[in-house]
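S.K.: My questions all concern the structure below.
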Amino acid sequence: MDSIRVTGGNPLSGRVKAHGAKNAVLKHMVAMLLAPGHYRLDNVPGILDVDIMGEVLDHVGARCARQGTVVEVDVPELLNPEAPLELVRKMRASILILGALLARVGSARVALPGGDDFGSRPIGMHLDGLEQMGAKFELRHGVLEASAPNGLRGTEVFLEFPSVGATENLLLAAVLAKGRSVIGNAAREPELADLASFLNAMGAKVDGAGTSTIEVMGVTSLGPADHTVVADRLEAGTYALAAAATGGDITVEGCDPNFLRMELRKMEAAGCSVERGEDWFSVVGPERPEPLDIATLPFPGFHTDMHPQMVSFLTRAIGTSIVTENVYAARFRYIGELNRMGADIHADGQHVVVRGVDGLSGCEVDGCDIRAAAALTIAGLSADGQTIVREAEHIDRGYDNFVETLHSLGADIDR
């Protein structure tokens, strides 16, 4: 396993450009299965999950090639409607292949998804919505066997929770369904709006993406399109918090600050100085942050994937902070690792209580998932002495040149 070695004490400063969003590009790659032809994506991050999704598409019958920040995909007329366990279990986003294959082929065999272990993240809403559109499912030996014997038909689906994955799966299915579909209580994330933009470029008729009600008029066929992937707000926010935790000064370019409206507001409440432009923002960190109360919620609320990084920042707050996790129930494995560095954190149900301490001490810790590894690196940047973050390969799933970027901002860090 790889490790990240970081020696704390250097305030980060400088400029960084956000890469394309992990949570957008993977969905664009799935959407390509809806129509044969040649596709090109620009602003693609160099992350492991893009390679894994490329393997999923290769197995289905497409051909993927990546060079730098460009991914090109050739989708054939005939597809193999199956996603094998060894690929699906690596990455939860691969469950979205279900809606796309049902829409294009009328059948699919998809292993139940894997990805980060955050406790129960059921796909019941995905299946319920697709069943309302005419799909049928059987679970055999851990594999979902899906069919649409009479094709998919447009319908109205109201989600019990604005799930991003369920919204995306229903959207991918609806664009080729017969008639009009309405997705109520839909997710509003910028990455989902970017997916809708890509689908419309392919010839779909999607309205309302980015709001709580999405309307789709099904079309008989789609065609290939080129697209530039929207900026990764989670990467941008992670670097902003890394700079803030060290009392540094950073400007993030290529990212709309509205994508991080709640996160930046909370950073201001903690004592950071924040400036915003059309596609950039800058953050100057305080000597020590003020305590905060935060609840993770779907967009435009505070993103659950920024929770561990924010807790890392708040370990040195002057007072007690409360972070309430409303999205993923078992995201708290990073807490024990931060406590090994001298933090004073405990979980109480879905609440994380963070009592600020004067300082952290570097030691060996385990980065058990993408955001936990990022949070522990942030802690190491502000800690006394050297921190070793093990299982650093998790970082590769969500961040492009993470160590190199932090080094360019002044961090004493290597891999």
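S.K.: Beyond 21 Å, how much of the Cα-Cα pair distribution for the range 175-260 remains, as a whole percent?
M.R.: Roughly 45 percent, once rounded to a whole number.
S.K.: Give me the log10 of I(q) over I(0) for the range 1-106 at q = 0.18, 0.22, 0.23 Å⁻¹, as the Debye formula computes it from C-alpha points; what are the numbers?
M.R.: The computed values of log10 I(q)/I(0) come out as -0.85, -1.18, -1.27.
S.K.: So if the hydrodynamic radius of the range 22-228 is defined as the Kirkwood radius over C-alpha pairs, what does Stokes-Einstein give as its diffusion coefficient at 4 °C and 1.567 mPa s, in µm² per second?
M.R.: 78
S.K.: Once you treat every alpha carbon in the range 230-332 as an equal point and sum by Debye, what is log10 I(q)/I(0) at q = 0.12, 0.15, 0.20 Å⁻¹?
M.R.: With one equal scatterer per Cα and no solvent, log10 I(q)/I(0) is -0.34, -0.54, -0.97.
S.K.: Mean-square fluctuation check for the chain, GNM, Cα pairs under 10 Å: which of Arg89, Arg371, Arg265 is largest?
M.R.: The residue that fluctuates most here is Arg265.
S.K.: Comparing Pro224, Pro149, Pro300, which has the greatest mean-square fluctuation in the GNM of the chain with Cα pairs linked when under 10 Å apart?
M.R.: Answer for the Gaussian network model of the chain: Pro149.
S.K.: What net charge is computed for the residues neighbouring Arg5, neighbours being all others with C-beta under 12 Å from the C-beta of Arg5, Lys and Arg scored +1, Asp and Glu -1?
M.R.: Taking every other residue near Arg5 into account, the sum is -2.
S.K.: Cα convex hull of the range 54-166: mean projected area in nm², to one decimal?
M.R.: 8.2
S.K.: Shifting gears a bit: What share of the DSSP beta bridges in the range 283-361 is antiparallel, in percent to the nearest 5?
M.R.: In the range 283-361, approximately 70 percent of DSSP beta bridges are antiparallel ones.
S.K.: Let me ask something else about it. Below 12 angstrom from the Cβ of Phe137, what's the summed charge of the other residues (Lys, Arg +1; Asp, Glu -1)?
M.R.: -1
S.K.: Report the far tail of the P(r) of the range 291-338, meaning the percent of Cα-Cα pairs longer than 15 Å.
M.R.: More than 15 Å apart: 42 percent of the Cα pairs in the range 291-338.
S.K.: Now, a different point. Express the C-alpha Rg of the chain as a ratio against the empirical globular expectation 2.2 N^0.38 Å, rounded to two decimals.
M.R.: 0.98
S.K.: Using a Gaussian network model of the chain whose springs link C-alpha atoms within less than 10 Å, name the residue from Leu139, Leu101, Leu26 with the highest mean-square fluctuation.
M.R.: The residue with the greatest mean-square fluctuation here is Leu139.
S.K.: Ile214: net charge of surrounding residues, Cβ under 13 Å, Lys/Arg +1, Asp/Glu -1, itself excluded?
M.R.: -2
S.K.: Please tell me which of these pairs span more than 25 angstrom C-alpha to C-alpha: Lys205/Lys266; Lys27/Lys266; Lys22/Lys266; Lys136/Lys178; Lys17/Lys266?
M.R.: Lys205/Lys266; Lys27/Lys266
S.K.: Given the range 327-415, report the % of alpha carbon pairs whose separation exceeds 19 Å.
M.R.: I get 39 percent for the Cα pairs in the range 327-415 exceeding 19 Å.
Each reported figure results from applying straightforward, stated rules to the coordinates on display, with no laboratory input. What you see is a predicted model, and the numbers here were worked out from it, not measured in a lab. Please note: Cβ atoms are built from the backbone with ideal geometry, for glycine as well, and neighbour counts cover all protein chains shown.
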